[in-house]
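Trainee: Sharing a structure with you now.
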Amino acid sequence: MEPRAVSESRTIKTVLVLPPDTNQHGTIFGGKVMALIDEVAAITSMRHARKPSVTASIDSLHFINPARIGDVLTIEAFVTSTGKTSMEIFCRVTSENLKTRLKTLTTTSFITMVAIDEYGKPSPVPPVIPETEEEKRLYETAKIRKERRYQSKKEFETFLGNRSS
């Protein structure tokens with residue numbers, strides 16, 4: 001398969017934080033942010049693979065700063081590395097206070113998406129070509145994150161093995 005540049009699948013979505021999206025503190029629900037991340041990661045992975053994909057795991061999700069009612073959220077995602085059928089997606093969420101124009105990093109996440117064929121089975125994806133310094137850094141460190149995912153999955157499977165359904 002012909003490799004594809006990160007820029008071919010980079011996805012950016014902008015949304016306004018509204019009262020129904022927030023908790024009693026006036027800050028956005030974490031679950032709302034997670035849903036936005038999952039949606040943007042899915043679009044990114046489908047753009048890269050040029051076929052449907054599904055979420056395999058959310059490997060890390062860090063809530064760094066809150067977003068408040070009236071803030072504008074920008075959700076940006078791009079493919080950092082690929083396996084045979086999987087794609088690691090990095091997602092960054094920033095909030096912007098429209099009055100002050102102050103932009104703040106609110107959330108970061110790594111998501112693993114798997115491309116699927118018409119039968120719902122894993123399907124091969126093309127390699128990714130990092131272009132910017134940030135993309136190259138994330139590409140170079142992807143093997144470490146993949147190993148952590150593998151270890152975490154094994155630990156979880158061991159835990160489940162000790163339980164009866």
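Trainee: To make sure I understand the rule: partners must be aspartates and glutamates, Cα under 13 Å from the Cα of Lys103, and not fewer than 8 residues away in the same chain. Which ones qualify?
Mentor: Asp71
Trainee: If you don't mind, there's one more thing I want to ask. How do 146-155, 34-43, 6-15 rank on mean C-beta neighbours within 10 Å, highest first? Don't skip to the end; give the middle numbers.
Mentor: On the way: 146-155: 12.1, 34-43: 19.1, 6-15: 16.3.
Ranking the peptides 146-155, 34-43, 6-15 by packing returns 34-43, 6-15, 146-155.
Trainee: When the chain is fully extended, how far beyond the present Cα-Cα distance does Phe159 get from Thr74, taking 0.36 nm per residue of separation? It would help to have the intermediate numbers written out before the result.
Mentor: Working: separation 85, 0.36 × 85 = 30.60 nm, distance 3.70 nm.
Residue separation times 0.36 nm, minus the Cα-Cα distance, leaves 26.9 nm.
Trainee: What's the local net charge at Pro126, with K and R +1, D and E -1, over the other residues with C-beta under 12 Å away? Spell out each step's value before the answer.
Mentor: Numbers: positive: Arg4, Arg47, Arg50, Lys51, Lys84; negative: Glu2, Glu8.
It works out to a net charge of +3.
Trainee: Further, regarding this structure: Under 16 Å from the 7 Å Cα→Cβ point of Glu134, by amide nitrogen: which residues of the stretch 100-119?
Mentor: Under cut-off, by backbone N: 103-111.
Trainee: Now a separate question. For Lys143, go through the lysines and keep the ones whose alpha-carbon is under 20 Å away, minus same-chain ones fewer than eight residues off.
Mentor: Lys84, Lys153, Lys154
Trainee: Kindly rank 54-67, 17-30, 103-116 from highest to lowest mean number of other beta carbons found within 10 Å of each residue. Walk me through the numbers on the way to the answer.
Mentor: On the way: 54-67: 15.5, 17-30: 14.0, 103-116: 20.2.
For the peptides 54-67, 17-30, 103-116, the packing ranking is 103-116, 54-67, 17-30.
Trainee: Can you return the lysines within cross-link range of Lys32? Criterion is Cα-Cα under 18 Å, with same-chain partners fewer than 8 residues away left out.
Mentor: Lys13
Trainee: Of (1) 46, 45, 31; (2) 47, 34, 27; (3) 47, 39, 31, which one was derived for Cα extents along the principal axes in Å from the structure shown?
Mentor: (1)
Trainee: Something else about it: Between Ile144 and Leu61, 0.36 nm times their residue separation minus their Cα-Cα distance comes to what? Write down the numbers at each step before the final one.
Mentor: Working: separation 83, 0.36 × 83 = 29.88 nm, distance 1.67 nm.
That pair, Ile144 and Leu61, stretches by 28.2 nm at full extension.
Trainee: Any idea how far apart Glu118 and Gln151 come out in nm if each label point goes 7 Å out from Cα toward Cβ?
Mentor: 4.3
Bear in mind these aren't lab numbers, they're just calculated from the coordinates by the rules spelled out. Predicted model only: the values in this text are computed from it and were never measured. Quick reminder, even Gly has a Cβ in these numbers, built from the backbone with ideal geometry, and neighbours come from all protein chains shown.
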